Amino acid sequence: MIPFKFSRSAAVLAAMAAVSSLAQAAAPMARFQAPGFYRTTLGDFEVTVLNDGTVDLPVNKLLKQPAQKTDAALAKVYEHSPLETSVNGFLINTGSKLVLIDAGAASLFGPTLGRLLTNLKASGYQPEQVDEIYISHMHSDHVGGLSSNEQRVFPNAIVRAGKLDADYYLSQANLDKAGPEAKDGFLGAMVSVNPYVKAGKFQPIVANTELVPGVRSYFNGGHTPGHITYVVESKGQKLVLLGDLLHVEAVQFANPGVGIQFDTDSKIAIAERKEAFAAAAKGGYLIGAPHLPFPALGHVRTAGKAYEFIPVNYTQPR
């Protein structure tokens, strides 16, 4: 027979365990993520990737290949369509200038985006500190974060983008003749960029050039008329920000010849993507892109006739 004292102790312990289990089960789901910024160094520069959120895209309908091929490629990396797709911006601190490359969507793409400004502040910066903003192209998910309620979000910044994109997307004549589905693209660019135009703080980029020491523009149309990639270099280290030459990692590295419906000229965009991947694989430098999964930085290597993306290792700034 078990002594009464021991039996009573066991009962007490069992009751305590039950209460502890109930208490743990009662804790609500947190349902939020850590602040969306990732910081690394590039030579003497500091690079901070800012996540604007994610958006679900039906990529098996958007990519210009049979849907089953896209589905199979996504399944290999345990993903599916609609694909939860990152939207990112890149903050470059050169030591003398604070430069933001692409500004996210704000409210122009729905409630799952619009976090770039919050993450910029969480990363230790304020919007008033941004000196220059370079836009890869004027689609709404890259310019939406520039303005809010017709006011500039970055009051001290000069905004620069390709003149071909500015002439196209900021044109009232083009808006007037656009079809119903296309009008939002023009309106998004106008409400985002025009406050800077009116303030004399918009400067179109007309040629490949060094914009500030260490940051250069490189035109490669196809996605939009004036699409630009940006090349960042310091102390022999290099980062190329590809803009929307790339949308779906699981598909377009393995087959860079797959275009997407967002392109104005997929033939040109495909040629530019192939050239960019080949150069990055040969040069061994970092690439980044707004729609690579956050933190959206890594290297490219060849894999036969295809390419592979190798994400960066997590590092602490030193």
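The values are calculated or read from the model by the stated rules, or taken from the named source; none is laboratory data. For clarity, every value in this text was computed on a predicted model and none was experimentally measured. Virtual Cβ from ideal backbone geometry, glycine too; neighbours counted across all protein chains shown.
Quick one: which residue in S148, S136 is in contact with a helix residue (DSSP H, G or I) (Cβ under 6 Å, 6 or more places away or on another chain), surrounded by 16 or more Cβ atoms within 10 Å (Cβ to Cβ) and under 19 Å from V87 (Cβ atoms)?
On the way: S148 fails: in contact with a helix residue (DSSP H, G or I) (Cβ under 6 Å, 6 or more places away or on another chain).
The match here is S136.
Taking the options V258, V251, name whichever one is of a type in the set (V, I, T), in contact with a Lys or Arg (Cβ under 7 Å, 6 or more places away or on another chain) and not in a strand (DSSP E or B).
On the way: V251 fails: in contact with a Lys or Arg (Cβ under 7 Å, 6 or more places away or on another chain).
Selected residue: V258, the only one of V258, V251 that is of a type in the set (V, I, T), in contact with a Lys or Arg (Cβ under 7 Å, 6 or more places away or on another chain) and not in a strand (DSSP E or B).
Conditions tested, residue by residue: (1) of a type outside the set (D, E, K, R); (2) under 22 Å from A182 (Cβ atoms); (3) crowded, with 21+ Cβ neighbours inside 10 Å.
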{"residue": "Q237", "(1), (2), (3)": "yes, no, no"}
{"residue": "V240", "(1), (2), (3)": "yes, no, yes"}
{"residue": "G257", "(1), (2), (3)": "yes, no, no"}
{"residue": "D265", "(1), (2), (3)": "no, yes, no"}
{"residue": "A269", "(1), (2), (3)": "yes, yes, yes"}
{"residue": "Y285", "(1), (2), (3)": "yes, no, no"}
{"residue": "G288", "(1), (2), (3)": "yes, no, yes"}
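Name the residue, out of D102, D56, that is over 21 Å from A34 (Cα atoms), of a type in the set (D, E, K, R) and modelled with pLDDT of 95 or more.
Numbers: D56 fails: over 21 Å from A34 (Cα atoms).
Checking each option against the conditions leaves just D102.
May I ask you to list pairs of residues, at least six apart or on different chains, whose Cβ atoms are under 7 Å apart, with the first in region 24-49 being assigned to a loop (DSSP other than H, G, I, E, B) and the second being of a type in the set (S, T, Y)?
From region 24-49, the pairs are G43/S234; D44/S234.
Looking at region 82-112, which of its residues are buried (at least 18 other Cβ atoms within 10 Å of the Cβ) and farther than 18 Å from T48 by Cβ? Spell out the reasoning first.
Within region 82-112, the subset buried (at least 18 other Cβ atoms within 10 Å of the Cβ) is 83, 85-94, 98-106, 108-109.
Residues satisfying the conditions are L83, T85, A105, A106, L108, F109.
Considering region 268-293 alone, what residues qualify as being within 19 Å of V77 (Cα to Cα) and either out of contact with any Leu (no Cβ under 9 Å at 6 or more places or on another chain) or not hydrophobic (A, V, I, L, M, F, W, C) (or both)?
H291, P293
Among the candidates P155, P127, P111, which residue alone is more than 21 Å from L245 (Cβ to Cβ), free of Cβ contacts under 8 Å to residues at least 40 places away in the same chain and under 17 Å from the mean Cα position of the chain (by Cα)?
Details: P155 fails: under 17 Å from the mean Cα position of the chain (by Cα); P127 fails: under 17 Å from the mean Cα position of the chain (by Cα).
Checking each option against the conditions leaves just P111.
Of all residues in region 290-318, which are of a type in the set (S, T, Y) and surrounded by fewer than 20 Cβ atoms within 10 Å (Cβ to Cβ)?
If we filter region 290-318 for residues that are of a type in the set (S, T, Y), which is where we start, we get 302, 307, 314-315.
Within region 290-318, T302, Y314, T315 qualify.
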